[in-house]
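Structure, as structure tokens:
The values are calculated or read from the model by the stated rules, or taken from the named source; none is laboratory data. Predicted model, so just to flag it, every value in this text is computed and none were measured. Cβ: placed from backbone, ideal geometry, glycine included. Neighbour counts: every protein chain shown.
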Amino acid sequence: REGSVKYLFAFDEARMLVGKKGGSKIAEKNSPFYYILRALILLPEGSGIFAVFTDTHSNISNFSPTSYLDPSKRVAGEGYQLFAPFYLLDTMDMNVKFKEVMTLKESEDPQHFFQYGRPLWGALLMPSSDTKGMKSERIIELAMDKLIGGQFFGLWKKNVHIGILDTLAILGPRLCIEIAPQSSYAPDLIANNMRLCISVLEDHKYVVTSMSTEPVLAEASARIMNDSDISLTKLINQLSEALKKGVVDAGYRGELTARLLLLNAWDCCIKKKILDEKKKKTNDSKNYFRFVTLEEFLKSLLADNVYEKIKNRLEET
């Protein structure tokens, strides 16, 4: 009702109120958020006092815990339940001009594919009245930093021991990985690694996540995967561990393995094109987001003797 809110407490960068990631349960229980929540619960109903916790990197499970982790909430009764978190925001692809028809070559232009996904990418690329637009290369570097949790990739890759969380974050935009909703990795990937929250069940035990089809993040993922300091073997080993722990769904009849093989063939094909263009000085683009012919892709995917067997069929078509 109008005028019903008399005092509004707004806590921005609210992640600072909770225990540090990986901290002990005692430390988390003694966090400022724990005591703020207890104080808010004790306020009389109808007092007109409301609190909002906002953060772009917050973990949903920290601020909207499951009942068994927050037992006193059950005692307080329905009137003191936490509000459901805001998570389903319809802002994807809002800058795309769907009526435009482009050639494959034109679709490689950052001015086009940066419009897909989150509006952030297109907004950074386009100049406004008071600021210049960022260069596409810098935006991709920013996306790489965001994928690994907001760290500077150039330093991160020199010192990191790649774990399951890093692997899921890096491979996610390209590999269509399904994360188990009950996994502890799901809320962490939302909070720190650009994964989207699709749904939070009422008991808050399950968080359904997804990775949108964003060309910018896919490009960032491709560059990380093919960086000389990043071992694809280590990424695959960590992905295998995630499969064993039930964190990731392997897909029907090994779909995940098939995707990896196809992606690797694509990357080998693109790296060859980049190297050839560099030698000929015809193009200085580092982008993996570009088109290739079917012939080029199959040459990269198949062994030479296998490709020779189907080569004539390709020429016929």
Note on segment 1-33: residues among the hydrophobic types (A, V, I, L, M, F, W, C) and at pLDDT 75 or above are Val5, Leu8, Phe9, Ala10, Phe11, Ala14, Met16, Leu17, Val18, Phe33
Need pairs with beta-carbon distance below 7 Å; first residue part of a loop (DSSP other than H, G, I, E, B) and within segment 91-118, second acidic (Asp, Glu) and at pLDDT 80 or above; sequence gap 6+ or separate chains. Tyr116/Asp93; Tyr116/Glu214; Gly117/Asp93; Gly117/Glu214; Arg118/Glu214
Checked pairs for segment 251-275, first within 17 Å of Thr167 (Cα to Cα), second in a loop (DSSP other than H, G, I, E, B), C-beta under 6 Å and 6 or more apart or across chains, list as Leu256/Ala250
Filtering segment 98-124 down to residues that are under 20 Å from the mean Cα position of the chain (by Cα) and among the aliphatic types (A, V, I, L, M), which residue is nearest to Val216 (Cα to Cα)? Leu120
Do we have any residue at all in segment 230-243 that's part of a loop (DSSP other than H, G, I, E, B), in contact with a Lys or Arg (Cβ under 7 Å, 6 or more places away or on another chain) and farther than 20 Å from Glu178 by Cα? yes
In segment 132-141, how many residues are without any contact (Cβ under 8 Å) to a residue 24 or more places away in the chain and either under 30 Å from Lys245 (Cβ atoms) or surrounded by 21 or more Cβ atoms within 10 Å (Cβ to Cβ) (or both)? 0
Can you name the residue in segment 290-317 that is at pLDDT below 90 and outside any helix (DSSP H, G or I) and is also farthest from the chain's Cα centre (by Cα) among such residues? Thr317
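Of all residues in segment 207-228, count the ones that are under 28 Å from Leu120 (Cα atoms) and assigned to a loop (DSSP other than H, G, I, E, B).
Our first condition is that a residue be under 28 Å from Leu120 (Cα atoms); within segment 207-228, this holds for 207-227.
Narrowing the set further to residues that are assigned to a loop (DSSP other than H, G, I, E, B) leaves 211-214, 226-227.
Total meeting the criteria: 6.
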List pairs: first in segment 218-245 and without any contact (Cβ under 8 Å) to a residue 12 or more places away in the chain, second hydroxyl-bearing (Ser, Thr, Tyr) and surrounded by 15 or more Cβ atoms within 10 Å (Cβ to Cβ), Cβ under 9 Å, 6+ apart or cross-chain? Asn237/Thr167
Go through segment 90-131 and count every residue that is among the aromatic types (Phe, Trp, Tyr) and loosely packed, with under 15 Cβ neighbours inside 10 Å. 1
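Residues of segment 142-169 being in a helix (DSSP H, G or I), surrounded by 12 or more Cβ atoms within 10 Å (Cβ to Cβ) and free of Cβ contacts under 8 Å to residues at least 24 places away in the same chain, which ones?
Answer for segment 142-169, where residues must be in a helix (DSSP H, G or I), surrounded by 12 or more Cβ atoms within 10 Å (Cβ to Cβ) and free of Cβ contacts under 8 Å to residues at least 24 places away in the same chain: Leu142, Asp145, Gly154, Trp156.
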